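Encoded as structure tokens, the structure appears first; notes follow it.
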Amino acid sequence: MGLEPLFAEVGAEGRAALVGYLPAGFPTVDGSVDLLRGMVDAGCDLVEVGVPYSDPVMDGPTIQAAAETALSAGFRLQSLFTVVEQVSAAGGRAVVMTYWNPVLRYGIDAFARDLAAAGGLGIITPDLVPDEADDWMAASSAHGLDRIFLVAPSSSPERIARTVEASSGFVYATAVMGVTGARDQVGSAAEGLVARTREHTSLPIGVGLGVRSGAQAAEVAAFADAVIVGSAYVTSATTDGVAGVRALTEELAQGVRRTPSTIG
Amino acid sequence: MNDKPDFDAHAHSAHDPDQRGHFGIFGGRYMPEALIGALDELAAEYDKARLDPEFVNEFNRLLRDYAGRPSLLTEAPRFAEHAGGARVFLKREDLNHTGSHKINNVLGQALLTKRMGKKRVIAETGAGQHGVATATACALLGLDCVVYMGEVDTERQALNVARMRLLGAEVIPVKSGSRTLKDAINEALRDWVTNVDTTHYLLGTAAGAHPFPLMVRNFHRVIGAEARAQILDQAGRLPDVVTACVGGGSNAIGIFHGFVDDPGVRLVGIEPGGHGIESGEHGATLSEGTPGVLHGAMSYLLQDDDGQTIEAYSISAGLDYPGVGPEHSFLKDTGRAEYRVATDAEAMDAFRLLARTEGIIPAIESAHALAGALVLGRELGPEGLVLVNLSGRGDKDMDTAAKYFGFGES
């Protein structure tokens with residue numbers, strides 16, 4: 001059920017999972033299916049299908065621009081389920097990453113039902129904290145979806161405990177205080193945050209925000225269970241399309257398989 | 001001593017939200033985890049400060065000696081001739097230092113910023129009133145100030161941009177999305193999540209995540225407390241209606257709270273009707289929106305069937321916002337307050353009428369409340385008594401007005 005088998009598999013291989021993000025509908029609905037399938041085919045263990053949203057306060061310029069492209073091209077929420085279905089049908093595993101208002105508007109239970117029916121495994125909720133998530137807790141349980149909440153370098157021990165308690169599948173650790181976007185260095189706060197989070201849970205912990213290269217993936221894989229890459233995928237899709245995201249996936253997939261001692 | 005500020009503005013009351021900031025189903029915290037720690041810190045600091053006589057006295061002292069409170073209550077008899085003969089009184093927030101009610105909230109939050117040991121303040125602004133007020137408070141208290149302002153608004157409010165820069169603030173034009181207030185808030189939130197250790201986000205309206213709606217409301221409750229005492233003094237009775245413009249809703253919530261426990265006083269918020277509701281180009285969030293989440297709180301919202309925010313429109317930059325403070329949503333649903341609409345044209349007519357009948361040039365935001373008062377006065381008739389919150393002065397709007405009325409043409 002959910003993401004547990006995935007982390008069992010990659011754990012058995014002694015490596016971290018590679019998680020790649022792209023918005024649904026970017027640059028078009030069909031185009032996003034091709035890109036996401038290319039990522040799965042080239043070695044993404046899990047894809048995060050983003051919901052383009054008009055007010056993405058956690059996103060930097062790269063993902064903002066991708067969301068605007070998708071919305072300008074006429075993206076409608078119903079297409080999200082089509083994209084997830086087609087990625088799942090191609091053998092991929094998918095979760096959805098969405099700001100909360102589109103889910104609220106669709107209806108929390110209806111959204112969970114339709115996502116589960118499309119083969120989606122869970123939702124990452126960047127602006128929903130467990131404090132406001134009672135309805136989502138109920139809907140996710142009813143439809144067998146994982147709840148991936150976020151922890152941040154600023155999270156207190158009490159907040160971390162509360163967040164992991166509400167989470168399932170994995171916990172998303174934001175590597176830096178800031179918005180999405182590729183960075184030269186992954187924040188030094190990430191390793192400490194993962195360690196602090198592990199004190200409260202045996203769930204896998206994924207690290208995102210800022211990863212863009214195989215070397216960075218290897219660095220993060222040394223202390224995390226999943227390496228999450230977003231903006232770098234948007235950039236490679238923009239410049240080189242499916243070939244671009246495949247090439248990036250291959251580099252990152254090697255990174256998550258490298259042992260820490262080879263980082264140099 | 002009826003015209004003294006209400007020193008109990010910060011006392012806990014039955015109108016406070018629950019511990020997590022909910023007014024009924026509205027409010028709360030729909031925010032990234034990365035900001036929850038800062039919101040907790042702010043809520044804890046405000047909870048201490050609101051009961052600390054030293055803080056409350058310092059706040060009240062600044063309101064009196066710096067902002068110029070209490071603001072006047074002025075009867076507007078020549079204007080009232082156009083309002084069905086009802087008596088109309090204006091709460092003169094336009095006479096405050098910096099020219100609007102916004103100074104109340106920024107002085108309170110700037111004092112809190114100092115208490116938290118933070119040195120940098122960021123703010124969003126639409127018309128520039130809140131940005132100017134924030135830059136002013138930062139200059140007064142020695143804080144670094146960065147103001148995010150939609151590029152469209154920097155053009156239509158160029159005078160306020162110059163004022164902010166003169167006061168030492170950095171003004172950053174926001175080029176994303178609709179390039180107005182909503183996007184300025186998005187950009188300020190992105191800054192905050194990156195710099196939260198050193199930075200306070202001085203939100204300019206009674207919206208956003210808890211504790212902002214509660215805290216901003218309480219900093220503005222002085223408006224209603226003064227106005228209630230003043231109208232009892234001058235008119236000998238409570239008004240039939242209190243009216244105020246509603247964008248995010250801070251001036252309205254401040255004056256409404258002076259009368260919220262007076263069941264005979266109707267509270268009427270006036271939203272920007274833009275080119276008319278039927279045109280689709282408006283900012284009438286409470287009148288036309290549906291509940292949803294934007295900028296950290298559950299509230300009424302202009303949104304489409306997919307939950308995407310619909311861009312608001314108003315001739316008034318300060319009302320050009322697709323969301324609204326959660327307490328207004330609560331007051332609407334409980335029926336304690338009503339919300340109506342005034343179009344650009346109705347607001348501009350009222351703007352010119354007040355100038356020509358009373359010699360007072362209001363902010364275009366406040367002119368929406370005046371337009372509402374004309375209608376309410378006609379409904380009430382000659383026995384009626386209407387209190388209008390004149391939330392700001394119109395100097396900043398002269399370019400817009402000159403173009404609208406064609407004053408520039410010979």
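Overview of results
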| read-out | value |
| --- | --- |
| Nearest-0.05 FRET efficiency for residue A:89 and residue A:243, computed from C-beta distance (R0 25 Å) | 0.65 |
| Shape of the range A:1-125, Cα gyration tensor, a/c cut at 1.5 | prolate |
| As computed over the range B:202-294, the Cα convex hull volume per residue (Å³) | 125 |
| Spherically averaged projected area of the range B:305-351 from its Cα convex hull (nm²) | 4.5 |
| Euclidean distance between Cα centres, the range A:37-107 to the range B:336-410, Å | 45 |
| Violating pairs (Cα-Cα greater than 28 angstrom) within the set B:118/B:182; B:48/B:332; B:48/B:119; B:182/B:396; B:332/B:403 | B:48/B:332; B:332/B:403 |
| Cα shape, the range B:215-360, gyration tensor, a/c 1.5 rule | oblate |
| Of A:252, B:85, B:57, farthest towards positive along the dipole that unit charges on Lys, Arg, Asp, Glu beta carbons give the protein assembly as shown | B:57 |
| Spacing of the two label points (7 Å from each Cα toward its C-beta) at residue B:235 and residue B:54, in nm | 4.2 |
| Lys, Arg +1 and Asp, Glu -1 on Cβ, resulting dipole of chain A about Cα centre, debye, nearest 20 | 280 |
| Calculated FRET efficiency for the pair residue B:404/residue A:12, C-beta based, R₀ 51 Å, to 0.05 | 0.10 |
| Average other protein chain Cβ within 10 Å of Cβ, residues B:21-33 | 5 |
| Chain B, accessible surface, carbon-and-sulfur percent (1.4 angstrom probe) | 50 |
| Accessible solvent surface per residue of chain B, calculated while the other protein chains remain in place, 1.4 angstrom probe, Å² | 33 |
| Reduced Cα scattering model of the range B:121-176, Debye log10 I(q)/I(0), q = 0.20, 0.26, 0.27 Å⁻¹ | -0.56, -0.92, -0.99 |
| Shape category assigned to the range B:78-206 from the gyration tensor of Cα positions, a/c cut at 1.5 | prolate |
| Cβ-isolated cysteines (cut-off 4.7 Å), chain B | B:245 |
| Alpha carbon convex hull of the range B:290-410, volume per residue in cubic angstrom | 138 |
| Signed unit charges on C-beta, dipole axis of the protein assembly as shown, positive-most listed residue A:204, B:401, A:233 | B:401 |
| Magnitude of the charge dipole, the range A:9-71, Cβ model with Lys/Arg +1 and Asp/Glu -1, debye to 20 | 60 |
| D_trans [Stokes-Einstein, Kirkwood Rh over alpha-carbon pairs] for the range B:67-139, 10 °C, 1.306 mPa s, µm² s⁻¹ | 113 |
| Counting all C-alpha pairs of chain B, share separated by more than 35 Å (%) | 18 |
| Semi-axis lengths (Å, descending) of the ellipsoid that matches the C-alpha gyration tensor of the protein assembly as shown | 48, 25, 22 |
| Residue-averaged beta-carbon neighbours from other chains (10 angstrom radius) around B:304-313 | 6 |
| Bins of 10 Å from zero: percent of alpha-carbon pairs in chain A | 8, 34, 40, 17, 1 |
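The values are calculated or read from the model by the stated rules, or taken from the named source; none is laboratory data. None of these values were measured; they are calculated from a predicted model. Please note: Cβ atoms are built from the backbone with ideal geometry, for glycine as well, and neighbour counts cover all protein chains shown. Just the protein is used for accessible areas: all its heavy atoms, side chains included, with ligands, DNA and RNA removed. Shrake-Rupley method; radii C 1.70, N 1.55, O 1.52, S 1.80 Å.
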